[in-house]
2 protein chains.
Amino acid sequence: MQILMTKSSYERVQARLAAIVPDLEVVTRAPDGVLERDGQAVSLAGINPDIGWVGVDAAYDGTMNAVSAMMAELPNLRWLQSASAGLDRPEFKTMMAKGARITKGNAQAVPIAEYVVGQAISLILPLAQQAALQRDHEWGRTPYKEISNTRWILVGYGNIGPEIAKRIKPFGVDLTVVRRASTTDDLIDRIIPLADLPEALPQADVVVLACALNDETRNLANAAFFRALKPGAILINIGRGGLLDEDALREALGRNQPAHAVLDVFAVEPLPADSWMWDHPQVRVSAHTSPMGDGNIARADAFFLANLKRYVTGEALLNEADKQEVGL
Amino acid sequence: MQILMTKSSYERVQARLAAIVPDLEVVTRAPDGVLERDGQAVSLAGINPDIGWVGVDAAYDGTMNAVSAMMAELPNLRWLQSASAGLDRPEFKTMMAKGARITKGNAQAVPIAEYVVGQAISLILPLAQQAALQRDHEWGRTPYKEISNTRWILVGYGNIGPEIAKRIKPFGVDLTVVRRASTTDDLIDRIIPLADLPEALPQADVVVLACALNDETRNLANAAFFRALKPGAILINIGRGGLLDEDALREALGRNQPAHAVLDVFAVEPLPADSWMWDHPQVRVSAHTSPMGDGNIARADAFFLANLKRYVTGEALLNEADKQEVGL
């Protein structure tokens with residue numbers, strides 16, 4: 001049994017790894033691409049891992065795509081633990097087409113949920129009005145519509161949706177979830193299929209795009225979607241840029257449908273410096289950084305090790321992707 | 001049985017009131033102070049209510065203190081339903097000294113909890129850094145310490161504390177509560193007495209003053225309190241201005257203990273236009289408006305009517321104050 005992982009991941013988990021699989025052969029990849037086995041440099045042709053792990057550290061040092069691309073070149077990969085929850089990049093399709101199983105990362109669901117709830121609350125509460133009064137030294141009232149009286153729609157309920165629901169439902173919001181499978185979850189008021197979204201949109205104060213990008217969801221936030229929105233609504237996209245038609249959004253903002261767009265993902269990333277979105281007063285831009293919490297690495301390490309234990313004992317893997325998710 | 005209430009309250013609850021006490025004599029008070037009974041103007045000397053209800057609407061039309069002062073003049077008041085949770089104004093002491101029972105309002109606990117959680121989250125998340133990058137059209141990372149890794153102290157756990165806990169605990173925070181009585185509450189990690197606060201402060205990322213103002217709590221946030229705070233902490237005061245020594249705060253902000261003060265209440269209200277707090281970059285000022293949610297009136301009406309039903313049947317009243325709370 002041989003595993004390929006990032007060098008920094010190995011340094012963190014070495015002892016815990018040995019406790020699970022004492023005779024595991026470990027190949028590490030440094031950020032500069034150099035591979036090592038037992039402290040010796042090796043070539044890609046000289047290794048043959050059946051397990052691959054893309055540690056979350058690769059997202060921080062900027063090597064995540066390079067690490068994934070290397071994994072896709074391995075001829076006999078049986079299982080890959082991904083750092084990301086979305087598998088729309090072509091490497092994942094390549095790996096699965098060659099017979100590898102893929103389990104998705106979910107460590108980032110926590111900071112992404114914090115981002116969604118925090119951004120929405122900061123716009124629902126009259127923080128901007130209070131700041132304006134403060135600038136003017138004015139002791140003035142700022143009545144507002146309570147969070148408790150808002151209605152939310154989460155489009156997608158994979159790893160991230162439940163983390164959002166867990167944090168926002170205690171505020172007393174009304175929560176609709178758009179997903180294919182039905183589920184029993186005390187946090188959700190109702191589940192609807194994507195086809196029913198147009199009827200639900202006019203009632204929603206906050207709409208969150210938290211689904212995978214595929215042929216069914218590409219451009220789901222299009223001109224018709226925006227025309228159905230309640231004026232004054234807040235739209236948050238933490239899924240993928242391709243879920244949203246940016247030209248249609250620009251026109252819709254002029255009608256206050258939505259009043260605010262909070263965007264962490266874009267059709268083209270990095271967002272070009274001359275994009276209209278940077279300066280639009282109703283748009284909040286962040287640089288695909290919603291996952292950048294400080295708890296990811298510890299959560300991802302623990303998750304990988306739990307899955308490794310399952311892999312060696314033949315138990316079902318946690319968070320395993322199906323072929324549809326990579327476009328097969 | 002005679003009741004004195006605001007005119008607008010009566011207009012909302014008339015039918016529900018009659019269903020509970022069909023023969024109740026109702027005296028209404030208009031915002032201009034005019035009293036009416038059965039559509040006829042009456043004088044204060046010409047009425048003799050045993051029940052008083054300060055509707056939340058009096059907080060919106062600016063007559064709350066005037067209504068409370070009128071209640072304190074009634075010679076035979078047996079029960080007052082207050083709109084506010086804090087009973088430190090002298091009228092309440094006067095009423096209770098004359099033998100009235102007082103039940104505290106709790107409708108505002110919801111928006112106050114929303115304010116506390118929303119303000120804290122908006123400072124913990126890197127919203128300001130993201131806005132600065134956006135202004136510069138810069139695609140940059142904003143790593144941050146997750147809400148899930150923060151430690152909170154709630155000083156006081158009356159009506160408001162549990163509403164804060166309900167909303168913030170699902171984020172995974174560590175939650176210490178300062179209160180006299182012990183309690184069993186799944187949301188709290190530990191309860192400590194006020195005497196142990198100095199030892200707890202150095203670990204806290206967020207400290208919320210949510211207690212009553214009395215001789216024990218006056219100026220509890222003093223120079224020693226601030227010196228014990230963790231540099232970078234967030235302090236939020238939604239209790240009373242007198243809980244905090246504003247001069248000591250000013251000095252402490254220079255040491256980043258706390259990094260941010262979010263203040264909705266002040267020693268002098270309205271906050272004087274020349275106060276240093278208006279322009280301090282680490283201070284957020286709001287005008288005692290944290291309770292100004294749009295759900296208060298419906299919640300307060302329902303609460304009063306539930307208590308009225310209990311009053312007429314002799315059951316224990318909800319949220320009844322004890323003498324200490326008015327300073328007796």
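Here are the numbers for this structure:
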| item | result |
| --- | --- |
| Max mean-square fluctuation residue, GNM over chain A, Cα-Cα springs under 10 Å, options A:T184, A:T289, A:T217 | A:T184 |
| The stretch A:75-112 and the stretch A:242-280: distance between their alpha carbon centers, rounded to Å | 28 Å |
| The stretch B:174-304 pair-distance distribution - Cα-Cα, 10 Å bins, rounded % | 12, 39, 33, 14, 2 |
| A:L194 versus A:M1: modelled label distance in nm, points set 7 Å from Cα along the beta carbon direction | 3.7 nm |
| Computed log₁₀ I(q)/I(0) - Debye formula, equal Cα scatterers, no solvent, chain A, q 0.10, 0.15 Å⁻¹ | -0.65, -1.21 |
| Only Lys, Arg (+1) and Asp, Glu (-1) charged, at Cβ; the stretch B:2-145 dipole about Cα centre in debye | 500 debye |
| Computed Rg/Rh of the stretch A:1-131, alpha carbon atoms with Kirkwood Rh | 1.12 |
| Distances in nm from B:G39 to the matching label points in the other copies, shortest first (labels 7 Å along Cα to Cβ) | 10.1 |
| Partner chain coverage, peptide B:212-220 - average Cβ within 10 angstrom | 0 |
| Summed residue charge, Cβ within 13 Å of A:G99's Cβ, Lys/Arg positive, Asp/Glu negative | +4 |
| Within-10-Å neighbourhood charge of B:Y311 [Cβ basis; K, R +1; D, E -1] | +2 |
| Above-threshold pairs, the threshold being 29 Å between Cα atoms, out of B:K169/B:K323; A:K145/B:K7; A:K7/A:K166; B:K98/B:K166; A:K230/B:K104; B:K7/B:K93 | B:K169/B:K323; A:K7/A:K166; B:K98/B:K166; A:K230/B:K104 |
| Positive minus negative residues near A:H137 (Lys, Arg vs Asp, Glu; Cβ under 9 Å) | -3 |
| Residue of B:E73, B:E315, B:E246 that the Gaussian network model of chain B assigns the largest fluctuation, springs spanning Cα pairs under 10 Å | B:E315 |
| Scattering curve values for the protein assembly as shown, log₁₀ I(q)/I(0), Debye with Cα scatterers, q = 0.07, 0.08, 0.10, 0.11 Å⁻¹ | -0.55, -0.70, -1.00, -1.15 |
| For the stretch B:238-293: span of alpha carbons on each principal axis (Å, largest first) | 33, 22, 20 |
| Spatial extent of the stretch A:80-193: Rg and Dmax, with the Cα atoms as the point set, Å | 19.3, 66 |
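Since every read-out is calculated from the coordinates, none of them should be taken as a lab result. All of these numbers come straight from a predicted model, not from anything done at the bench. Positions of Cβ are backbone-derived with ideal geometry, glycine not excepted, and every protein chain shown enters the neighbour counts.
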